[in-house]
Amino acid sequence: MAVHWRLKSFLATKYGIYGAVALQKRVATKTKVLISVQNLCNYLEKKPKSIRLETIELLCTALECELHDFCEVKLSAAIQKNKESTVKKLSYQNTPHSKRAVTSFPNPEDYT
């Protein structure tokens, strides 16, 4: 899946907020919760690898918006292509021999 994170551009166009400190002040005044400047800086500079649902709720409440205003999730081109083609079932027979586990279980008496 392709996630398009546009928090920085959304803040600049809708609120004229360009920095983490200004965003921190807005979140603190609207929600009475203080988010660290470093975390907000990370959210502004790049797409976060993970973000708590509570943080998303705070941002949406403070910015009076919904998640899809600054974060969009789309199917990637590879997934769309695979979705159109036939689905191959994953099973032991479809697994290459190099990826399969050991075929026989070791004898415990060999380790005495």
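Suppose we filter region 21-52 for residues that are closer than 16 Å to residue 5 by Cβ, within 20 Å of the chain's Cα centre (by Cα) and not acidic (Asp, Glu); how many remain? Steps first, answer last, please.
Of region 21-52, the ones closer than 16 Å to residue 5 by Cβ are 23, 39-52.
Within this subset, residues satisfying the condition of being within 20 Å of the chain's Cα centre (by Cα) are 39-52.
Applying the additional criterion that residues be not acidic (Asp, Glu) yields 39-44, 46-52.
Number satisfying all stated conditions: 13.
In region 10-28, which residues are in contact (Cβ under 8 Å) with a residue 12 or more places away in the chain and in a helix (DSSP H, G or I)?
Of everything in region 10-28, those that are in contact (Cβ under 8 Å) with a residue 12 or more places away in the chain and in a helix (DSSP H, G or I) turn out to be 10, 11, 14, 20, 21, 23, 24, 26, 27.
Please specify each residue of region 55-76 satisfying the condition of being in a loop (DSSP other than H, G, I, E, B) and either within 20 Å of residue 12 (Cβ to Cβ) or among the acidic types (Asp, Glu) (or both).
Pass one, region 55-76, residues in a loop (DSSP other than H, G, I, E, B): 64-66, 70, 75-76.
Hits for region 55-76 are 64, 65, 66, 70.
Tally the residues that are surrounded by 13 or more Cβ atoms within 10 Å (Cβ to Cβ) and within 30 Å of residue 77 (Cβ to Cβ), restricting the search to region 15-53. First the steps, then the outcome.
We begin by selecting, within region 15-53, every residue surrounded by 13 or more Cβ atoms within 10 Å (Cβ to Cβ); these are 15, 17, 19-20, 22-28, 30-31, 33, 35, 37, 39-44, 47-48, 51.
Keeping just the survivors that are within 30 Å of residue 77 (Cβ to Cβ) gives 42-44, 47-48, 51.
Counting residues in region 15-53 that are surrounded by 13 or more Cβ atoms within 10 Å (Cβ to Cβ) and within 30 Å of residue 77 (Cβ to Cβ) gives 6.
Test residue 40 against the criterion of being at pLDDT 95 or above and in a loop (DSSP other than H, G, I, E, B), and give yes or no.
Values: at pLDDT 95 or above: yes; in a loop (DSSP other than H, G, I, E, B): no.
No.
The values are calculated or read from the model by the stated rules, or taken from the named source; none is laboratory data. Please read all numbers here as calculations on a predicted model, not as lab measurements. Methodologically, a virtual Cβ is constructed for each residue, glycine included, from the backbone with ideal geometry; neighbour enumeration extends over all protein chains shown.
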